[in-house]
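Asks: Next up is a structure, given as structure tokens.
All of the numbers you see were taken from the coordinates with simple rules; none came from a lab. Values in this document were obtained by computation on a predicted structure and should not be read as measured data. Neighbour counts are summed over all protein chains in view; Cβ atoms, including those assigned to glycine, are modelled from backbone coordinates with ideal geometry.
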């Protein structure tokens, strides 16, 4: 099944910090094209507090597991 061209609910908020363009210089890593399971694992670690963050711990808590998986799958499909 092909990925939807439209981001799932909540995914648009990610681009506020995570650069969409590969040419953008930032210390915040790009998430487009990353492996979905890696994104899901990072979000779970932020949510649980196992991974420290300044903002992502609070952001991660705002998404359900299903929402996180949908967002991760969508970003993984973006190249």
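Asks: Compute the projected area of the convex hull of the Cα atoms of the range 35-79, averaged over all viewing directions, and report it in nm² to one decimal place.
Replies: On the way: hull surface 11.8 nm².
Answer in nm², one decimal: 3.0.
Asks: Ratio of the chain's C-alpha Rg to 2.2 N^0.38 Å, to two decimals? The partial results should precede the final answer.
Replies: Numbers: Rg = 12.0 Å, N = 79, 2.2 N^0.38 = 11.6 Å.
Compactness ratio reported: 1.04.
Asks: A further question follows. Using alpha-carbon pairs under 8 Å, 6+ residues apart, how would you state the relative contact order of the chain in percent? Intermediate values should be presented prior to the final figure.
Replies: Working: 74 pairs, mean separation 31.7, N = 79.
40 percent.
Asks: If you don't mind, another one. Taking the highest mean first, how do the peptides 17-28, 48-59 order by number of other beta carbon atoms within 10 angstrom per residue? Intermediate values should be presented prior to the final figure.
Replies: On the way: 17-28: 10.3, 48-59: 12.3.
Final packing ranking: 48-59, 17-28.
Asks: Enter the Cα centre distance for the pair the range 48-76 and the range 17-45, rounded to the nearest angstrom.
Replies: Distance between centres, Cα-based: 11 Å.
Asks: How far, in nm, would the chain grow between residue 28 and residue 4 when pulled straight, counting 0.36 nm per residue and subtracting the alpha carbon separation?
Replies: Extra length from residue 28 to residue 4 when fully extended: 6.2 nm.
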